[in-house]
């Protein structure tokens, strides 16, 4: 039973915001619930905002980056500085060398520079679980490793560099972008979709590294998921929705906590007042209007809760003032009783108190304590004066008692009124009416603090003033109005309003965000729906693309892919044999496993922003058939990109040379004592062609009636050699400026003859002396070369001088000695 091959879809390309908007709009149009529609609306809101941003800093959109140069120093097995210049145009470059020559170090260096950091180890175990085969990125004897790559896109360049300490940590990272106008800027790759592009269109493949990575079903998922090429746009969309959703959730949490705190504080207010609450509060939802809720809950009374003022405050003050004033009048009446003199009458009470104190003395002495005169009878005289003075002790004591009661009333009843008058909601008229009474009360309290409860003239005057104010009809009206403002229910509502004020502040601040929490949660569900649908659709594409590569590599043994699934936490690949029976991955040979891992990477090479692909040891455990089939795949890939192949296998080089006309090979050698890695270019194609021309001329039979000289072959080889050198010249000059090499080479390839190709080169580089000099060298031979290219020989027969001219022209054109 032979599996039917899947139709090959278009290459997976990175998703754009336009793609995501189009998909989300289609989903939104089919949504059946309001919650789902609101979620898609939120998702579209983020996608449109992100899609509308300027893309000047994006290094991916609309660009194809080719690899121009690699510089390595102290990295892995490269112990001395090594720089490799690469052809950035489509074709194949083979770096061939024995095991340990530094090939994998070169591939890893390219990957490290592109990512800005070394590849994460497959395991971080310690002790007996420490990985055996993980590479040390900083070389054994190096103080630091430095890798750098230069990329070219049209006339732009991007130089990426990384420095690594011996412990493997990154100590420096650079990314410099040179625009077509020559301006250079430093770029933060983390703010672009660069890393997503690297993950989705992996430009470096090393079989050993991938095999170490893929050991579990979860590892396979981690390997395949990025190849679905969701890209940076989807990542940004997901991050944007998650960020907005998290902010809305935090706002809702703040609102809920503030409401719960307000509920607790109002319960405390109600508990402190003990009586039943005036009304029950119906607590709101976040989407309610705060002002409407305040009205419905009876919380429109603003201002801080003040002490409650009642008529009792007035009555107590009025009574205390009246009684104190009456006691003062009684005292003053008693003091007015006839006496030897008025002073003695007024001092009767103090004199009597002094007399009682003298009676308790052992001896009064001979000196009067008042006049300081000597006389043994001063105590007797004091007793006589007391006997003849009016009796005011009773009135004085009563007055002192009434002063105490008035002072208590001032403290307990007038102070709360003073506090209420100070509140913001109190009117100016009330303050003006209360001010004289408060002043009189304050003056009396001051005099009592100064003189105590003695009937001094100042105390007597303060009592009269306080009595006048506290018993006036105006004061009664003032207290009555204050009582109306501070009744129990209004005060209760003010206390409640004060308790909910922090909640109101939070509500008004976060209402819009908190109200959107439900729609952002729905948007997160929509992102997952979109991700699952995209994953399923792109997995089908990846399966078809991968199966095509697997068929190319393994069709002779009947292995095909019939199923590929990539889910959130695991992935699976279903492989069948020629009979249609399932083949477990554990039953695959090493070469078949290599093919299975290599296939998806080759499948997604197209469609990304990278015009190059680095393959390190892609023929691991491959037999001769697999090597040839891989060469076919590489040749197909090299039609629109440069494929750099690092291998020790001469078979691959031979097969690539057959399949790829733009194949170049270089040898890599490493001195194992010094760590110096050398890269030696193989002879260029023009030189190989001219050597073939020399060989053909040397082996040509002598002219005779039955022999045909190899004129067409030799002159065709000379022409092809010069055309190849001319192509290298254009490439060399374009890269050096830089210009877009592919457009220059396309312009050159539009011409059909060598003469026209020389003219095209001079159009690109007017008056270039090397072009003119090489043109003059081969001018005598061009007609003959052109005829030979069309299969017609021209006399005289070719000579070694003609081949020498071709070689000299090539060397002159390329600036070689």
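The values are calculated or read from the model by the stated rules, or taken from the named source; none is laboratory data. Please read these numbers as outputs of a predicted model, since none were measured by experiment. Heads up, the Cβs are rebuilt from the backbone with ideal geometry, glycines too, and the neighbour counts pull from every protein chain shown.
Return yes when residue 161 is surrounded by fewer than 21 Cβ atoms within 10 Å (Cβ to Cβ), in contact with a helix residue (DSSP H, G or I) (Cβ under 7 Å, 6 or more places away or on another chain) and modelled with pLDDT of 90 or more and no when it is not.
Details: surrounded by fewer than 21 Cβ atoms within 10 Å (Cβ to Cβ): yes; in contact with a helix residue (DSSP H, G or I) (Cβ under 7 Å, 6 or more places away or on another chain): yes; modelled with pLDDT of 90 or more: yes.
Considered against the rule, which asks whether it is surrounded by fewer than 21 Cβ atoms within 10 Å (Cβ to Cβ), in contact with a helix residue (DSSP H, G or I) (Cβ under 7 Å, 6 or more places away or on another chain) and modelled with pLDDT of 90 or more, residue 161 comes out as yes.
Just need a number here: residues in segment 546-596 that are buried (at least 18 other Cβ atoms within 10 Å of the Cβ), more than 14 Å from residue 629 (Cβ to Cβ) and either out of contact with any strand residue (DSSP E or B) (no Cβ under 8 Å at 6 or more places or on another chain) or at pLDDT below 85 (or both).
2
Can you name the residue in segment 324-354 that is modelled with pLDDT under 70 and surrounded by fewer than 16 Cβ atoms within 10 Å (Cβ to Cβ) and is also nearest to residue 382 (Cα to Cα) among such residues? If you could, list the steps in order and put the result at the bottom.
First pass over segment 324-354, keeping only residues modelled with pLDDT under 70: 337-349.
From what is left, the residues that are surrounded by fewer than 16 Cβ atoms within 10 Å (Cβ to Cβ) are 337-338, 340-344.
Details: 337: 19, 338: 18, 340: 14, 341: 15, 342: 16, 343: 14, 344: 11 Å.
Looking at residues that are modelled with pLDDT under 70 and surrounded by fewer than 16 Cβ atoms within 10 Å (Cβ to Cβ), I get 344.
Under 35 Å from the mean Cα position of the chain (by Cα) and not in a helix (DSSP H, G or I), is that true of residue 530?
In short, no.
So if I check each of 514, 466, 477, 483, which one is farther than 29 Å from residue 430 by Cβ and touching a helix residue (DSSP H, G or I) at 6+ places or on another chain (Cβ under 9 Å)? Talk me through it step by step, then tell me what you get.
Numbers: 466 fails: farther than 29 Å from residue 430 by Cβ; 477 fails: farther than 29 Å from residue 430 by Cβ; 483 fails: farther than 29 Å from residue 430 by Cβ.
Going through 514, 466, 477, 483 in turn, just one is farther than 29 Å from residue 430 by Cβ and touching a helix residue (DSSP H, G or I) at 6+ places or on another chain (Cβ under 9 Å): 514.
Among residues belonging to segment 180-202 that are at pLDDT 90 or above and more than 24 Å from the chain's Cα centre (by Cα), point out the one that is farthest from residue 231 (Cα to Cα).
Here the answer is 183.
Residue-by-condition table, conditions (1) out of contact with any helix residue (DSSP H, G or I) (no Cβ under 7 Å at 6 or more places or on another chain); (2) within 30 Å of residue 247 (Cα to Cα):
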site	(1), (2)
503	no, yes
520	no, yes
542	no, no
555	yes, no
570	no, no
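Give 402, 407 a once-over and let me know the one that is over 24 Å from residue 307 (Cα atoms) and at pLDDT 90 or above. Give the derivation first.
Values: 407 fails: over 24 Å from residue 307 (Cα atoms).
Result of the check over 402, 407: 402.
Identify, from the list 809, 793, the residue that is in a loop (DSSP other than H, G, I, E, B) and either closer than 30 Å to residue 702 by Cα or in contact with a helix residue (DSSP H, G or I) (Cβ under 8 Å, 6 or more places away or on another chain) (or both).
On inspection, the qualifying residue turns out to be 793.
Does residue 190 satisfy being closer than 21 Å to residue 14 by Cα and surrounded by fewer than 20 Cβ atoms within 10 Å (Cβ to Cβ)? Step through it out loud before you land on a result.
Numbers: closer than 21 Å to residue 14 by Cα: yes; surrounded by fewer than 20 Cβ atoms within 10 Å (Cβ to Cβ): yes.
Here the answer is yes, as residue 190 does meet what is asked.
Just name the residue that is surrounded by the fewest Cβ atoms within 10 Å (Cβ to Cβ) out of those in segment 20-39 that are touching a residue at least 24 places away in the same chain (Cβ under 8 Å) and more than 23 Å from the chain's Cα centre (by Cα). Steps first, please.
Restricting attention to segment 20-39, the residues satisfying the condition of being touching a residue at least 24 places away in the same chain (Cβ under 8 Å) are 20-21, 23-24, 27, 35-36, 38-39.
Subsequent filtering for residues that are more than 23 Å from the chain's Cα centre (by Cα) retains 23-24, 27, 35-36, 38.
On the way: 23: 17, 24: 24, 27: 19, 35: 13, 36: 19, 38: 20.
Taking the candidates together, the pick is 35.
Would you say residue 749 is modelled with pLDDT under 90, under 60 Å from the mean Cα position of the chain (by Cα) and either buried (at least 17 other Cβ atoms within 10 Å of the Cβ) or more than 26 Å from residue 611 (Cβ to Cβ) (or both)? First the steps, then the outcome.
Working: modelled with pLDDT under 90: yes; under 60 Å from the mean Cα position of the chain (by Cα): yes; either buried (at least 17 other Cβ atoms within 10 Å of the Cβ) or more than 26 Å from residue 611 (Cβ to Cβ) (or both): no.
Spelling it out, it is not the case that residue 749 is modelled with pLDDT under 90, under 60 Å from the mean Cα position of the chain (by Cα) and either buried (at least 17 other Cβ atoms within 10 Å of the Cβ) or more than 26 Å from residue 611 (Cβ to Cβ) (or both).
Here's a check for you: in segment 128-146, which residue that is outside any loop (DSSP other than H, G, I, E, B) and modelled with pLDDT under 70 is surrounded by the most Cβ atoms within 10 Å (Cβ to Cβ)?
Within segment 128-146, the subset outside any loop (DSSP other than H, G, I, E, B) is 128-129, 138, 145-146.
From the residues that got through so far, the ones that are modelled with pLDDT under 70 too are 128-129.
Working: 128: 5, 129: 8.
My answer is 129.
Filter the helices (runs of 4 or more DSSP H) completely within segment 380-451 down to those with at least 2 residues that are within 60 Å of the chain's Cα centre (by Cα).
Working: elements: 393-409, 415-421, 428-451.
Correct list: 415-421, 428-451.
Within segment 23-40, does at least one residue satisfy the condition of being under 30 Å from residue 674 (Cβ atoms), at pLDDT below 95 and part of a loop (DSSP other than H, G, I, E, B)? Break it down stepwise before answering.
Start the filter on segment 23-40 by keeping residues that are under 30 Å from residue 674 (Cβ atoms), which leaves none.
No, segment 23-40 contains no residue that is under 30 Å from residue 674 (Cβ atoms), at pLDDT below 95 and part of a loop (DSSP other than H, G, I, E, B).
Tell me, which residue of segment 80-98 that is in a loop (DSSP other than H, G, I, E, B) and in contact (Cβ under 8 Å) with a residue 12 or more places away in the chain is surrounded by the most Cβ atoms within 10 Å (Cβ to Cβ)? Full working, then the answer.
Taking segment 80-98 first, the residues in a loop (DSSP other than H, G, I, E, B) are 80-81, 86-90, 97-98.
With the extra rule that they be in contact (Cβ under 8 Å) with a residue 12 or more places away in the chain, the set shrinks to 80, 86-90, 97-98.
On the way: 80: 16, 86: 23, 87: 21, 88: 27, 89: 22, 90: 19, 97: 21, 98: 12.
So the residue we want is 88.
For segment 176-195: of the residues being in contact with a strand residue (DSSP E or B) (Cβ under 8 Å, 6 or more places away or on another chain) and in a loop (DSSP other than H, G, I, E, B), which is farthest from residue 64 (Cα to Cα)?
Initially, segment 176-195 is screened for residues in contact with a strand residue (DSSP E or B) (Cβ under 8 Å, 6 or more places away or on another chain), giving 176-180, 184-189.
Pick out the ones that are also in a loop (DSSP other than H, G, I, E, B) and you get 179-180, 187-188.
Numbers: 179: 14, 180: 14, 187: 17, 188: 19 Å.
Of everything passing the filter in segment 176-195, 188 is farthest from residue 64 (Cα to Cα).
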